[in-house]
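Quick notes on the structure that follows.
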Amino acid sequence: MKFNSPEEVTKQYVEYGNELYRLISRGFSAAVYTQTTDVEMEVNGLMTYDRKEMKVEPERIRKINQKLCNALSK
């Protein structure tokens, strides 16, 4: 999947996060995003290869991650 803007990447990440959130009540217990930065020929990181540019909207990513991390403390 190719994205054209930080908004598109973030939207997809949030959609995945919300799907994971729905699965928690069914026993789902973990997920891993393995590529935080671009590397060599791969370009699906959250940051550029040199880590100087975020390719997502950090506050929205933080919000969905916090929702997932706190899901069981309700």
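Answer yes or no as to whether Glu57 is of a type in the set (Asp, Glu) and in contact with a helix residue (DSSP H, G or I) (Cβ under 6 Å, 6 or more places away or on another chain).
Working: of a type in the set (Asp, Glu): yes; in contact with a helix residue (DSSP H, G or I) (Cβ under 6 Å, 6 or more places away or on another chain): yes.
Yes: the conditions hold for Glu57.
Does Val43 fit the bill of being among the aliphatic types (A, V, I, L, M), modelled with pLDDT under 90 and surrounded by 13 or more Cβ atoms within 10 Å (Cβ to Cβ)?
Yes, satisfied.
I need every pair where a residue in the range 43-71 that is within 22 Å of Phe28 (Cα to Cα) has its Cβ under 9 Å from the Cβ of a residue that is of a type in the set (Gly, Ala, Ser) and open to solvent by 80 Å² or more (accessible area, probe 1.4 Å), sequence separation at least 6 or different chains.
If the second residue must be of a type in the set (Gly, Ala, Ser) and open to solvent by 80 Å² or more (accessible area, probe 1.4 Å), the pairs left are Ala71/Ser25.
Consider Leu68 carefully, then state whether it is part of a helix (DSSP H, G or I), open to solvent by 60 Å² or more (accessible area, probe 1.4 Å), over 20 Å from Asn4 (Cα atoms) and not hydroxyl-bearing (Ser, Thr, Tyr). Outline the logic, then answer.
Numbers: part of a helix (DSSP H, G or I): yes; open to solvent by 60 Å² or more (accessible area, probe 1.4 Å): no; over 20 Å from Asn4 (Cα atoms): yes; not hydroxyl-bearing (Ser, Thr, Tyr): yes.
Answer is no for this residue.
The values are calculated or read from the model by the stated rules, or taken from the named source; none is laboratory data. Every value quoted in this text rests on a predicted model; they were computed, and no experiment measured them. Every residue, glycine as well, gets a Cβ built from its backbone with ideal geometry; the counts of neighbours run over all protein chains shown. These area figures cover heavy atoms from the full protein model, side chains too; ligands, DNA and RNA do not enter into them. Shrake-Rupley method; radii C 1.70, N 1.55, O 1.52, S 1.80 Å.
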